[in-house]
1. Need the failing condition index for G158 against (1) within 30 Å of S119 (Cα to Cα); (2) open to solvent by less than 50 Å² (accessible area, probe 1.4 Å), just the number.
2. Being within 26 Å of E135 (Cα to Cα), at pLDDT 95 or above, within 12 Å of the ligand (Cβ to nearest atom) and open to solvent by 10 Å² or more (accessible area, probe 1.4 Å) is true for just one of V271, V316. Which residue is that?
3. So, in region 44-101, exactly how many residues are part of a loop (DSSP other than H, G, I, E, B) and open to solvent by 30 Å² or more (accessible area, probe 1.4 Å)?
4. Before we move on, is T90 among the polar types (S, T, N, Q) and modelled with pLDDT of 95 or more?
5. Which numbered condition in (1) over 19 Å from S388 (Cβ atoms); (2) open to solvent by 40 Å² or more (accessible area, probe 1.4 Å) is the only one that R31 fails?
6. Would you say G279 is under 24 Å from D211 (Cα atoms) and free of Cβ contacts under 8 Å to residues at least 60 places away in the same chain?
7. Could you check, for region 129-149, whether at least one of its residues is more than 9 Å from the ligand (Cβ to nearest atom), open to solvent by less than 20 Å² (accessible area, probe 1.4 Å), closer than 30 Å to E242 by Cα and in a loop (DSSP other than H, G, I, E, B)?
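The values are calculated or read from the model by the stated rules, or taken from the named source; none is laboratory data. What you see is a predicted model, and the numbers here were worked out from it, not measured in a lab. Every residue, glycine as well, gets a Cβ built from its backbone with ideal geometry; the counts of neighbours run over all protein chains shown. The accessibility values were calculated without ligands, DNA or RNA, using every heavy atom of the protein model including side chains. Shrake-Rupley method; radii C 1.70, N 1.55, O 1.52, S 1.80 Å.
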Amino acid sequence: MADPTPDGRPRPNVVILGAGYAGLAAAKAVRRHAGSALDVTLVDRTPDHVLRTELYEVDEIAKPLRPRRTWAVPIAEVLSEREAAFVHGTVTGIDLSSRTVRLEGSTLPFDYLIVCLGSVPSYFGIPGARENAEEVYSLSGAERLAARIVALTKTRGGPGAAPLRVVVAGGGSTGTEVSAEIATAKWGEIAGVAAPAPAVTLLTGPTPLLDGFSPALIRHARALLEEAHVEVRENTPVVRAEPGTLTLKDGSSVPFDVAVWCAGVEAPPVVAQLPVEHGKGKRLKVTPYLELPDRPGVFAVGDVIDYANPGTGVLVPGTAQAALAGAPVAGYNVVARHEGRRMKRFSYHEKGVIVSLGLGKAVGRAVGLTLWGRPAYVLKSLVEAEYSLAVERG
Ligand SMILES: Cc1cc2nc3c(=O)[nH]c(=O)nc-3n(C[C@H](O)[C@H](O)[C@H](O)COP(=O)(O)OP(=O)(O)OC[C@H]3O[C@@H](n4cnc5c(N)ncnc54)[C@H](O)[C@@H]3O)c2cc1C
């Protein structure tokens, strides 16, 4: 934290909610631009910066000797006290009128706010989905899923055991990655029993597989899913989930041992409740400066925003790549707003996309090229390693 002001008066403070991709990068950007002119406080309910993009690796998460630090880096290791004070706490409310954030058991006043609280699974009101399916949008969810597959493999494994039936709902990049990873992992080795590979079914729901991706990329993804023995069933919206059974819109049932919900995300409840303009999935509408309309000094970035690129009108995707692109702009704009300078407009240019498909293979698009198989996977690993290194270096 900054030294006291010469006249002993409190320094204006910036509170940043969420220490994921957007929040951590925004905190560093504010400090970079503000020097010692502003206090910066970063809040998160976990003491770690979670590498959420890697949570599809449920088999790696299941390995008892794999350090948890691979996915959850302690905040103290990636954020110095000089950059920001860290508060470990859960945000239970944001009062934009009194400019305070409610935490469990305390209140935090702010002069400037950046909301970076990410997203939570969307269950679309489907009965039983939340209760009967696992998820990989949080580290605790991915850990629970990994533990469940290992436990079932142990109890049901052995010579001649029937394959575990794993059903993944949602044919976007998360569902595709999770299906391929589970289908190709060596669960028997991890659980220490002889066990066949799980039988994985991917239900794409009402939207086609990898909707929005290029036809070439989808073609390669289909081929790699087939190689991974993932059965893809399209146009299969789930309307109900019960223990052991998903019911589809056409009335048919899909039995499962493990169901994984990968059908999309929405704003967390504390954000959904804010009395401001919301977009898809209760995400926050923001101006091109990443500020909430008519709320000067309150910014948002990352999965939590609903923002269309100026000019193209294309929605900025809910990705770590977009969160990391927006965070420096939000950080800069907080300081510009404080100093009465002109703010920067946020315009997003995607560098590429890569979807992992198990067995060290992936499909992707980068620098105008479609990549698939091993080269795409190597590129994905390089991108992940580069981000991990950047976080380590702070
Ligand atoms: C399996 C998987 C694979 C993915 N792969 C990719 C990929 O390859 N490339 C890519 O670009 N994107 C990928 N994504 C998407 C990417 O992870 C998200 O877009 C990204 O995490 C968004 O960053 P964020 O900072 O907005 O939110 P997060 O990274 O989710 O951070 C939000 C933070 O807010 C904290 N928080 C939430 N609620 C509270 C509360 N009430 N109180 C206190 N703290 C709170 C959380 O603990 C968390 O630390 C993937 C996502 C998943 C699930």
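1. It fails just one condition, (1).
2. Values: V271 fails: open to solvent by 10 Å² or more (accessible area, probe 1.4 Å).
After applying the criteria, what remains is V316.
3. Of the residues in region 44-101, the ones part of a loop (DSSP other than H, G, I, E, B) are 45-47, 51, 55-57, 63-67, 71, 79-84, 89-90, 96-99.
Narrowing further to those that are open to solvent by 30 Å² or more (accessible area, probe 1.4 Å): 45-47, 63-67, 80-82, 90, 97-99.
Total satisfying the criteria: 15.
4. So T90 passes the test.
5. (2)
6. On the way: under 24 Å from D211 (Cα atoms): yes; free of Cβ contacts under 8 Å to residues at least 60 places away in the same chain: yes.
Spelling it out, G279 is indeed under 24 Å from D211 (Cα atoms) and free of Cβ contacts under 8 Å to residues at least 60 places away in the same chain.
7. yes
Yes/no matrix, rows are residues, columns are (1) without any contact (Cβ under 8 Å) to a residue 24 or more places away in the chain; (2) among the charged types (D, E, K, R); (3) within 28 Å of T176 (Cα to Cα):
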position: D7; (1), (2), (3): yes, yes, no
position: N13; (1), (2), (3): no, no, no
position: A26; (1), (2), (3): no, no, no
position: R32; (1), (2), (3): no, yes, no
position: L42; (1), (2), (3): no, no, no
position: H49; (1), (2), (3): no, no, yes
position: E54; (1), (2), (3): no, yes, yes
position: V58; (1), (2), (3): no, no, yes
position: P64; (1), (2), (3): yes, no, yes
